[in-house]
Amino acid sequence: MVDEEKLLQQLDYIRLSLPEAFQEALLTIQQKQEILLEAEAYGQQMVEAAQAKRAQVLNESDIIRQAEQQTEQLSRQVQQECEQLMQETLDEIERKRRACQQEIEEMRRLAMEEAEQIAQGADQYADNVLENIEQELTESLKIIRNGRQQLYPEQQSPQRGYNGKNIKKK
């Protein structure tokens, strides 16, 4: 035995309470959906931030890789330029060495020619001096002979050579 009135009261209470419970359930569901949307938005922001960070890191990696490539290229270029300059310097040194060697050889040749000319000139000078002395001695011998002949005009004096020995007349 159920009391009909009590049952009706409870049914009324349930009927009146249900919309409130439904509203609370709806409110809870809405809050849950808002929390889920916020969580989803936050998750999306985190994903986007992570992707942005990844892109930045990749970009920085690309920049670093490009910088390393440029550094290597610049290093190779500097090395090549240094080698080229060194080769040009060595070539210039070799050209100057050859030019100096040729100049030294030319100076040696000219010095030898000049020494030969000086030697020939000295020989010529000595020959001229000796020829002059010979002529002067010949003249002196003539003067001496004439002087002796004048000392002994009537006598023929024997002619003597420079060493004091008699010279036979022809």
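What pairs come out if I take residues in region 115-137 that are at negative phi and pair them with residues that are exposed (fewer than 10 other Cβ atoms within 10 Å of the Cβ) and modelled with pLDDT under 95 whose C-beta lies under 9 Å away, six or more apart or interchain?
Once the first residue is at negative phi and sits in region 115-137, its partners that are exposed (fewer than 10 other Cβ atoms within 10 Å of the Cβ) and modelled with pLDDT under 95 give L137/Y162.
Within region 52-68, is even one residue of a type in the set (S, T, N, Q), surrounded by 10 or more Cβ atoms within 10 Å (Cβ to Cβ), at pLDDT 90 or above and in a helix (DSSP H, G or I)? Let's see the steps before the verdict.
Residues of region 52-68 of a type in the set (S, T, N, Q): 56, 59, 61, 66.
This time we only want the ones that are surrounded by 10 or more Cβ atoms within 10 Å (Cβ to Cβ), so: 56, 59, 61, 66.
Next, from what is left, pick out any that are at pLDDT 90 or above: none.
No, that holds for no residue.
The values are calculated or read from the model by the stated rules, or taken from the named source; none is laboratory data. Source: prediction; values computed, not measured. With ideal geometry, Cβ positions are generated from the backbone for all residues, glycine too; neighbour counts draw on all protein chains shown.
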